[in-house]
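Every read-out reported here was derived from the displayed coordinates using simple, explicitly stated rules and does not represent laboratory data. Just so it is clear, the structure is predicted and the values come from calculations on it, not from any experiment. Don't worry about glycine lacking a Cβ; one is built from the backbone with ideal geometry, like all the others, and counts go over all protein chains shown.
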Amino acid sequence: MTRMVSTFRSWIFPVCALLGWEALAQLGFLQGRWPSLVAVIKEFAWDWPTLLMASVRTAWQVLQASVIGVVVGVSLGVFLSAGKRRIHGLYGCLAGLKAVPVTVLVPVFLTLFGLETFIVPLVALPLSLNFCVNTAQAIAEANQTRLRMLLSWSVSYGMYARHVLPFECLDAMLQTARVMLPFAFALHIALDYFLCIPNGLGCYVNRAYERQQHARMYGAILVAGIIGLALGAAIDLVSRRSLKWKRDM
């Protein structure tokens, strides 16, 4: 019974949202520019190969940017934490750069990387900065009592760094991923919408809007929303399983 109630609660919001969508369409909301679900499904069935390719292009480039951002950011964060006193100014500079909107750097990245490839490093930049600063901060706030206790047991700094410190920082890294990975997905769609370079989901929505193909446009928006929800659910699942040891202690 409890499981049925939980399932009902998890489905009540999306069902109500779809019913509300259909009601707005039937009432002629936005002068008929809000299509019915039937029209959206028909367009999706008609043009699904193009929409699938656009989704794959977006997902692939976001994956590339995420891998680059995480690897570069975590590596730089470890480097900064290792020599924090000597390079404190660099840490402050990188922390400050987090507030700079990446969109103002589009001309710079176009010049450096070219029209066809600049989006991946541009999306990776805020990921790198946030993972860098948060990694350095997590290492600085690691439990010093545990470190001193392990050192008293003749555990070397190398063993501590390999086997203990990653678990100390895991929670902060997962929180950063929970915020920044959906942000990277949204940023890529926004850049693609205005620039139409990688021909991803953003460009698909833009072209459908310009051609007044509203059912097709809302179908692509719905797909983007589903991908975003799936991304968030995947991060939450990884977080729950990765931190299960912490809850069970």
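Cα axis of helix 201-210 to longest principal axis of the chain: angle in degrees, 0 to 90, nearest 10?
30 degrees
What is the distance in Å between the Cα centroid of the range 51-83 and that of the range 182-249?
If we compute the Cα centre of each part, the gap is 15 Å.
With point charges of +1 on the Cβ of Lys and Arg and -1 on the Cβ of Asp and Glu, referenced to the Cα centre of the range 145-207, which listed residue (THR176, HIS188, VAL164) lies farthest in the positive direction of the dipole?
VAL164
Compute log10 of I(q)/I(0) for the chain with the Debye formula, placing one identical point scatterer on every Cα and leaving out solvent, at q = 0.12 Å⁻¹, to two decimals.
Those come out to -0.87, one per q.
Quick one: if you stick a label point 7 Å off each Cα along the C-beta vector at GLN64 and ALA17, how many nm between them?
3.0 nm
With r defined as the distance between the Cβ atoms of LEU37 and ARG211 and R0 fixed at 22 Å, what FRET efficiency is calculated, to the nearest 0.05?
The value I calculate is 0.60.
Enumerate cysteines in the chain without a disulfide-compatible partner, where compatibility requires another Cys Cβ under 4.7 angstrom.
CYS16, CYS93, CYS132, CYS169
Within 10 Å, count the other beta carbons around each residue, average over each peptide in 39-47, 105-113, 117-125, and list them highest first.
117-125, 39-47, 105-113
As I understand it, the value is the acute angle between the Cα axis of helix 37-82 and the longest principal axis of the Cα atoms of the chain; what does it come to in degrees, rounded to 10?
Compared with the principal axis, the helix lies near 10 degrees.
If you fit an axis through the alpha-carbon atoms of helix 165-195 and take the longest principal axis of the Cα set of the chain, what angle between them do you get, 0 to 90°, nearest 10?
Result, in degrees: 30.
In the range 121-249, with Lys and Arg counted as +1 and Asp and Glu as -1 at Cβ, which of these residues, SER128, ALA138, TYR218, has the Cα nearest the positive end of the dipole, that is, farthest along it?
Farthest towards the positive end: ALA138.
In nm, to one decimal, how far is the LEU195 label point from the ALA142 one, both placed 7 Å along Cα→Cβ?
Spacing of the two 7 Å Cα→Cβ label points: 3.7 nm.
Quickly work out the GLN26-to-THR111 label distance, labels modelled 7 Å from Cα along the C-beta direction, and quote it in nm with one decimal.
Each label point lies 7 Å from its Cα, and together they span 5.7 nm.
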